[in-house]
Amino acid sequence: MRSLKPDYFDAPVFSHIYIEKEILSHPRTRQLLERFPGIPRIEIDHYKDVFCRQKQDYGLQQRSRKLILAGRREHFLYEGAPVCQDFGNRHFYYSSCVMNCIYDCEYCYLKGMYPSGHLVVFVNLEDYFRAVAQKLREHPVYLCVSYDSDLAALEKLLGTCELWTEFAAKHPDLTIEIRTKSANGAMWDRQEPLPNIVYAFTLSPQRIVEQSEHRTPSAQARVSCAVEGMAKGFPVRLCFDPMLYCADWQQEYGSLLQQIDRELEERQMTWEQVRDVSVGTFRISKEYMRILRAKEPDSLVTQFPYENVDGVYQYPPKLKQQMEQWMIEELSGRISKECIYHEYRT
Amino acid sequence: MIHIVCALYQEAHFLITHYQLKKRNDFHRLQVFENTERGLRVLVTGVGMLRAAMAVSIATERLKVAEHDLLWNIGSCAASFEASPGTVFLCNKLIEEPTGCTFYPDILYRHPFEERAVVSRMTPMTGEPEPGLLYDMEASGVYQAGISDYGPHRMLFIKVVSDYGKGTPDATALQCLMDEAGETILPFLERFLSFHAGQEQSATGQTEEEWEQRLVRDLHCSVTMEHELMQLLRYCALADRNVRDELERDYGQGVLPCRSKREGKQYLEKLKAGLF
Ligand code: SF4
């Protein structure tokens with residue numbers, strides 16, 4: 001049914017809401033339900049009864065999304081995986097208060113990781129806060145809160161970034177990274193800049209956005225939003241990670257950098273105001289890639305003949321080095337080398 | 001193909017007559033009616049979740065399920081709330097009463113029906129049921145028998161209210177009721193059938209496959225090399241990069257076929273390096 005016409009699908013933001021019985025009366029559940037009057041609500045015992053059913057079709061589900069409201073009972077924090085950039089932080093964790101994303105990047109590892117395309121929102125954020133506070137008693141914590149989703153893209157709906165910001169304001173030993181491809185400028189007006197909340201914008205050339213990052217804001221919108229945030233004093237990281245190959249990648253990524261140059265110039269700002277940048281080419285574990293290729297059979301990104309290096313699929317070494325080196329050199333002319341993060345820090 | 005499971009002939013009558021389905025004579029434990037041109041097959045299974053599950057298993061085994069096939073369950077049910085007889089519901093939750101297990105078909109398509117949960121029982125609903133629910137005797141059996149071949153997104157459960165637990169309609173009344181409900185169900189079904197008719201199976205052409213296999217042989221590919229080569233060719237096809245001409249040239253110049261596995265490996269490396 002993959003090519004069934006789009007209007008066959010039940011397409012509003014969410015067509016159904018599944019709610020765990022246990023959190024039916026949680027204030028955040030009630031708040032969220034108020035936002036979706038008239039949508040069928042289905043009570044469930046456990047989110048996995050829906051999320052982990054066998055033989056689901058991630059692609060179709062992304063065209064008719066369901067919202068699953070649940071309570072997380074354990075695993076509030078995970079240690080960062082080796083393929084993740086840790087930005088020089090020793091105590092690097094990520095947490096997942098939302099599973100899945102409203103965007104649809106062909107190469108998204110969530111497609112390899114999750115059995116379902118539906119969005120799970122854990123409403124019991126207070127339990128996450130408690131778990132982080134406990135870790136903070138042991139050591140400082142660097143926490144990525146938007147790894148298994150794009151929280152900033154969901155901010156209007158969930159307000160999670162705001163809540164994390166309030167929490168971080170009380171815990172200077174905590175640094176939070178909010179990774180996003182969104183361009184929601186309104187979020188800059190809803191919270192105060194904090195030195196320990198880093199907004200990390202993943203930037204791709206427009207051609208890649210159109211080709212592989214479906215439903216995401218344009219390259220220009222993301223750049224404008226990131227620069228606006230910097231202008232308002234928010235710490236902003238620009239992520240050229242994952243860099244994706246296309247025939248004229250140099251020209252495409254060159255145009256992207258020029259887009260940023262122009263945006264900064266228009267606001268009379270410089271690259272010095274960028275907190276830092278990260279550089280990396282696309283890489284994914286062999287296991288996720290196997291699933292991803294089956295789910296995205298016509299995608300140029302997933303079907304690229306990657307090389308398997310110790311269980312991680314990546315571009316052939318020469319190409320990988322060429323792309324990363326080129327980007328690092330380009331950035332070095334713009335921003336201090338200390339602010340460029342790469343697998344092997346420059 | 002859309003496979004529709006009905007417990008009784010009277011429930012399937014509107015489908016059989018509307019689509020002029022022909023009965024197959026090669027099934028004994030269930031009745032099978034079909035119109036292969038329209039891509040529709042109806043299984044009349046007999047009453048009860050076990051019969052329904054068995055029929056789905058037999059049909060699935062014998063008729064093979066294609067990638068885009070759908071499995072629907074259409075039938076009558078009792079309601080424990082106010083709903084006019086003949087009202088059509090789409091079920092978003094199936095509760096199997098004997099086991100207490102619950103199943104959730106994925107409702108991914110726009111539809112004109114109201115949604116409800118259905119409780120599948122071993123016997124017809126009587127007494128004081130839990131309010132707000134539908135009661136049938138097949139849905140959970142169809143779901144469980146179909147899940148591994150169809151997944152939750154290719155199964156739909158449509159139920160028509162026929163009674164309220166205080167006696168069921170006789171055969172004639174049931175057929176009448178279902179025929180009338182058919183007027184709401186058929187336009188919905190028609191959308192899926194039209195799509196099915198226009199669906200193109202994308203398959204690699206035979207000659208393309210033969211050509212690839214020749215290349216695998218001529219490069220003396222190991223399993224890993226074959227996998228790499230196929231991935232490379234797949235990428236080139238998606239990226240509109242014509243490697244075939246280049247390879248044909250090498251055939252013309254005697255570079256291909258390679259003489260050994262080692263040479264094949266080198267050739268593959270060269271091919272990759274030249275592309276990016
Ligand atoms: S924005 Fe990130 S999380 Fe969302 S689909 Fe794209 S890659 Fe996945």
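From the list B:G100, B:G127, the lone residue that is in contact (Cβ under 8 Å) with a residue 12 or more places away in the chain and at positive phi is B:G127. When only residues in segment A:40-79 that are among the hydroxyl-bearing types (S, T, Y) and open to solvent by less than 30 Å² (accessible area, probe 1.4 Å) count, which is nearest to A:Y18 (Cα to Cα)? Per the criteria, the residue is A:Y47.
Matching residues to (1) open to solvent by 10 Å² or more (accessible area, probe 1.4 Å); (2) out of contact with any Ser or Thr (no Cβ under 8 Å at 6 or more places or on another chain); (3) not aliphatic (A, V, I, L, M):
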position	(1), (2), (3)
A:Q134	yes, yes, yes
A:E138	yes, yes, yes
A:Y147	yes, no, yes
A:A152	no, no, no
A:L157	yes, yes, no
A:I208	no, yes, no
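A:G88 falls short on exactly one of the conditions (1) more than 16 Å from the ligand (Cβ to nearest atom); (2) closer than 24 Å to A:R130 by Cβ; (3) open to solvent by 60 Å² or more (accessible area, probe 1.4 Å), and that condition is (2).
I'd like the full set of residues that are more than 11 Å from the ligand (Cβ to nearest atom) and under 30 Å from A:L136 (Cα atoms), limited to segment A:97-115.
Matches in segment A:97-115: A:C97 only.
Selection of segment A:183-236 for residues being over 16 Å from the mean Cα position of the chain (by Cα), closer than 20 Å to A:C101 by Cβ and assigned to a loop (DSSP other than H, G, I, E, B) yields A:G185, A:A186.
Scanning segment A:131-151 for residues that are in contact (Cβ under 8 Å) with a residue 60 or more places away in the chain and within 12 Å of the ligand (Cβ to nearest atom) gives A:C144, A:Y147.
If only one of A:S224, A:S255 is away from the ligand (no atom under 16 Å from the Cβ) and under 19 Å from A:L154 (Cα atoms), which one is it? First the steps, then the outcome.
Details: A:S255 fails: under 19 Å from A:L154 (Cα atoms).
Going through A:S224, A:S255 in turn, the sole match is A:S224.
Of the residues making up segment B:118-126, none is within 14 Å of chain A (Cβ to nearest Cβ), farther than 20 Å from B:S84 by Cα and out of contact with any Phe, Trp or Tyr (no Cβ under 9 Å at 6 or more places or on another chain).
Taking first residues from segment A:311-336 that are under 29 Å from A:R290 (Cα atoms) and partners that are small (G, A, S) and not in a loop (DSSP other than H, G, I, E, B), the Cβ contacts under 8 Å between residues at least 6 apart in sequence or on separate chains come to A:G311/A:S285; A:V312/A:S285; A:Y313/A:S285; A:P316/B:A273; A:K318/B:A273; A:E324/A:G280.
Among the residues of segment A:152-179, write down those that are assigned to a strand (DSSP E or B) and within 16 Å of the ligand (Cβ to nearest atom). Break it down into steps so the answer makes sense when it comes.
Quick first cut of segment A:152-179, residues assigned to a strand (DSSP E or B) only: A:174-179.
Correct list: A:E177, A:I178, A:R179.
For the residues A:Q268, A:Q273, A:Q251, A:Q258, the requirement of being away from chain B (no Cβ under 14 Å), open to solvent by 20 Å² or more (accessible area, probe 1.4 Å) and touching a residue at least 12 places away in the same chain (Cβ under 8 Å) singles out A:Q273. Taken as a whole, segment A:279-288 holds at least one residue that is among the acidic types (D, E), farther than 27 Å from B:D240 by Cβ and assigned to a helix (DSSP H, G or I).
One residue is enough: does segment A:182-202 have a residue meeting the conditions more than 11 Å from the ligand (Cβ to nearest atom), more than 14 Å from chain B (Cβ to nearest Cβ), of a type in the set (S, T, Y) and under 30 Å from A:C52 (Cβ atoms)? The answer is no; no qualifying residue exists. Within the set A:R90, A:R41, the sole residue that is within 14 Å of chain B (Cβ to nearest Cβ) and among the charged types (D, E, K, R) turns out to be A:R41.
The values are calculated or read from the model by the stated rules, or taken from the named source; none is laboratory data. Just so we're clear, the structure is a prediction, and the values are computed from it rather than from any experiment. All Cβ positions, even for glycine, are placed from backbone atoms using ideal geometry, and neighbour counts span all protein chains on display. The accessibility values were calculated without ligands, DNA or RNA, using every heavy atom of the protein model including side chains. Shrake-Rupley method; radii C 1.70, N 1.55, O 1.52, S 1.80 Å.
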